[in-house]
Amino acid sequence: MGKASTASRRGFTFIELMVSLALGMLVVGMAVKLFSQGVDATWVVSQRAEMQQDLRAVENLLTKDISLAGAGLPVGQGVALASGTGVSPIYGCDQAGNCPPNGAVNYPCAGGCPAGIPTLYGVMPGYQLGIIPPGSATTSDLITMSYSDVVLALNCYNVQTIAAGTVVTFKVPNPLPSTCVLPAGLNAPQELNDPVVGLTPGDLILFQGTLGVAPNTNTFYAVGEVTAVAGGAGNYTVTFAANDDLRMNQPGAANDLSAYTAGTSVVANRIYVVTYYLRVQPDPLGATGIPVLMRQVSGHTAVPVSENIVNTQYSYDTYNAAGQLLNDQGDGGESVGISLNLIRQINIKHLTIRSQLTGARSALYSTSGYQGYDVHTSMSARNLSYQNRYAGN
C-alpha cells in the first residue's frame with residue numbers, strides 16, 4: 001500500500017494569508033473610495049441643481065416685476081404724493097410697521113429732496129440701501145417697481161363721493177362705464193370684499209380725475225392707502241384714514257385725495273409697489289444667520305422669495321437733459337437730478353446665490369467654502385417713457 005502524501009493536507013502559509021488579506025483590503029478600500037467619491041459627486045451635483053433651480057425661479061419672478069414696471073401709471077411722468085405736512089410717504093413697510101433691515105425708504109423727490117415733491121415712479125432704485133450679507137463686503141441694493149393691477153376690476157366702479165379725503169364710496173353702475181376693463185370670463189366686476197382678489201388694508205389705490213372747469217381743466221392723480229373696507233353687493237365704503245403705515249393719507253395736504261370735490265369724475269385702480277430686499281434670518285444652527293431675498297408688496301407683509309441670496313446689485317441706463325445716453329447708473333441718475341422717468345433699461349448686475357451647506361461636507365473640495373452662482377441680465381423698461389435723442393436730427 002502506498003504512503004499518503006502529506007502535501008494534500010497542507011493549508012495556506014502565513015505569507016500567502018497576509019498577501020491575500022492585503023489584496024482583499026486593497027480591493028475593498030478602492031471600492032469604498034469610489035463609493036465615497038460617487039456620493040460626494042452626487043451631493044455636489046444636487047446642490048448645484050438646487051441652486052440653479054432656486055436662482056432661475058428668483059430671476060423669473062424679478063424680471064416679471066421689472067417688465068411690468070410703469071404699466072398703468074401716467075405715461076411720461078411720476079405721480080406726486082401727498083406732502084407738505086412734514087411727513088414723507090414711505091415704502092417697503094407693512095401694516096405691522098415691519099420695514100427693511102435699514103428702515104423705511106422715502107420716495108424719491110421730483111426736483112430733489114427734501115425741497116421737492118415725493119413722487120411715485122415706475123422704477124425706483126435703492127442704490128446701496130440694503131444690508132451687507134454675511135460673508136460679503138458689498139452693500140446690497142434694493143429695487144422697487146410700481147404697476148397697475150389687472151385682476152381686480154376696480155375701474156368698473158363709479159367713485160360716488162370722496163369725503164374729506166378719507167372716505168370713498170364705490171358703486172357698480174348700470175351700464176358699466178367705458179373705462180371698465182373686465183378680466184376674461186367675467187361679465188361683472190368682482191366684489192371689493194372678495195376674499196381672494198378684493199381690497200384689504202395696505203392696498204394702494206391710484207385715483208385719476210379732472211379738476212377745474214372747461215376749458216381750464218387738468219388731470220390730477222392721487223394715491224391713497226386702504227385702511228378699511230365695508231359694504232357689499234356692489235356698494236362699498238373704503239376708508240383712507242390719516243396716520244396710515246405708509247403715510248400716504250394726509251388729508252388737506254398737497255396732492256392728497258382732498259383735492260377731489262363733489263361732482264369730480266374720478267377713475268380708480270389698484271396699484272402694486274413691489275420692493276425686493278435682503279434680510280438675514282436667524283439660523284438655529286449657526287450664529288451668522290441665513291440671507292433671504294424678500295418681496296414686499298404695497299403695505300402687506302413681506303414674503304421670502306429664496307434663501308441664501310447673498311448679493312443683489314442693479315444699475316440703470318438712462319438719458320441726461322441733453323438726450324445723451326448714460327449707462328450703468330447705480331441710482332438711475334437721481335443724484336445728478338435726472339428724472340427716473342428717463343430710465344430705459346434695468347440691469348441686474350449681480351444676483352448671487354450660495355449653496356445651503358459648505359464644502360466641508362464633500363471630500364472633492366480643497367476648501368470648506370460655499371458653492372455659488374451669479375447671474376447677469378438686462379431688461380428694457382417698456383412701459384416707461386423715454387427721451388427721443390434723435391428728435392430734430
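The values are calculated or read from the model by the stated rules, or taken from the named source; none is laboratory data. If you're wondering where the values come from, they're calculated on a predicted model, not measured in any experiment. Here Cβ is always computed from backbone atoms with ideal geometry, including for glycine, and neighbour counts include all displayed protein chains.
So the values come out like this:
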| item | result |
| --- | --- |
| Which numbered condition CYS109 misses (of (1) touching a strand residue (DSSP E or B) at 6+ places or on another chain (Cβ under 8 Å); (2) within 23 Å of HIS376 (Cβ to Cβ); (3) modelled with pLDDT under 90) | (2) |
| Residue, modelled with the lowest pLDDT, within the stretch 324-369, restricted to residues that are on the phi > 0 side of the Ramachandran plot and loosely packed, with under 15 Cβ neighbours inside 10 Å | GLY337 |
| Checklist (1) at pLDDT below 95; (2) part of a loop (DSSP other than H, G, I, E, B); (3) surrounded by 19 or more Cβ atoms within 10 Å (Cβ to Cβ) applied to GLY209, failing item | (2) |
| Some residue of the stretch 69-89 being in a helix (DSSP H, G or I), touching a strand residue (DSSP E or B) at 6+ places or on another chain (Cβ under 9 Å) and either surrounded by 14 or more Cβ atoms within 10 Å (Cβ to Cβ) or of a type in the set (Lys, Arg) (or both) | no |
| Residue match in the stretch 66-81 (condition: at pLDDT below 90 and farther than 30 Å from HIS350 by Cα) | yes |
| Top-ranked residue in the stretch 279-308 [being of a type in the set (Val, Ile, Thr) and not in a loop (DSSP other than H, G, I, E, B); ranked as farthest from MET145 (Cα to Cα)] | ILE290 |
| Answer residue from the stretch 168-205, given it is among the small types (Gly, Ala, Ser) and loosely packed, with under 15 Cβ neighbours inside 10 Å and is nearest to MET145 (Cα to Cα) among those | ALA184 |
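Table: residues versus (1) touching a residue at least 60 places away in the same chain (Cβ under 8 Å); (2) of a type outside the set (Ser, Thr, Tyr); (3) closer than 19 Å to THR227 by Cβ; (4) assigned to a loop (DSSP other than H, G, I, E, B).
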{"position": "LEU152", "(1), (2), (3), (4)": "yes, yes, yes, yes"}
{"position": "VAL159", "(1), (2), (3), (4)": "yes, yes, yes, no"}
{"position": "ILE162", "(1), (2), (3), (4)": "yes, yes, yes, no"}
{"position": "GLY165", "(1), (2), (3), (4)": "yes, yes, yes, yes"}
{"position": "THR169", "(1), (2), (3), (4)": "yes, no, yes, no"}
{"position": "ASN174", "(1), (2), (3), (4)": "no, yes, no, yes"}
{"position": "THR179", "(1), (2), (3), (4)": "yes, no, no, yes"}
{"position": "PRO183", "(1), (2), (3), (4)": "no, yes, no, yes"}
{"position": "PRO189", "(1), (2), (3), (4)": "no, yes, no, yes"}
